[in-house]
């Protein structure tokens, strides 16, 4: 593919982010994903497409979340498993569910992002949360 073809394809491409967690019977746990979706959308900008989905137990399903991305004009859906480890759900279940969801949309592609894992931001968050759990330790340092 020549440079001009690649540029034209990129110009037609509209990316979406589909954040998927496990899903819970607890509404409060599921609401966290909606909060994260809002924060990601805010960082990416008002015109961005960012949707939530739950792998099981709760709505919206992976298929519904994928569909909502396409309905908003997405031609590429970047799927992020909002999970820590690359376990069976991340390596087997989610790729299968996303592939099934994508079957009905000719010309729409998807890419699987890595789970959160040991990303530097996660490590920073772990340290920050541990420090916050001991507020007296901070006060004693002054």
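Since every read-out is calculated from the coordinates, none of them should be taken as a lab result. Keep in mind it's a predicted model, so treat the numbers as computed, not measured. Because the Cβ atoms are built from the backbone with ideal geometry, glycine has one as well, and the counts that use them run over all protein chains shown.
Of the helices (runs of 4 or more DSSP H) that lie entirely inside segment 62-142, those containing 1 or more residues that are surrounded by 15 or more Cβ atoms within 10 Å (Cβ to Cβ) and at negative phi span 62-71, 94-102.
The set of residues in segment 11-26 being in contact (Cβ under 8 Å) with a residue 24 or more places away in the chain and not in a strand (DSSP E or B) consists of 12, 13, 14, 22, 23, 24, 25.
Of all residues in segment 88-105, those satisfying the criterion of being closer than 15 Å to residue 71 by Cβ and more than 17 Å from the chain's Cα centre (by Cα) are 104, 105.
Determine if segment 45-52 includes at least one residue that is within 30 Å of residue 123 (Cβ to Cβ), surrounded by fewer than 15 Cβ atoms within 10 Å (Cβ to Cβ) and within 15 Å of the chain's Cα centre (by Cα). Looking through segment 45-52, none of the residues is within 30 Å of residue 123 (Cβ to Cβ), surrounded by fewer than 15 Cβ atoms within 10 Å (Cβ to Cβ) and within 15 Å of the chain's Cα centre (by Cα). So for segment 41-50 (the condition being under 15 Å from residue 101 (Cα atoms), in contact with a helix residue (DSSP H, G or I) (Cβ under 6 Å, 6 or more places away or on another chain) and in contact (Cβ under 8 Å) with a residue 12 or more places away in the chain), does at least one residue qualify? So far as segment 41-50 goes, no, none of its residues is under 15 Å from residue 101 (Cα atoms), in contact with a helix residue (DSSP H, G or I) (Cβ under 6 Å, 6 or more places away or on another chain) and in contact (Cβ under 8 Å) with a residue 12 or more places away in the chain.
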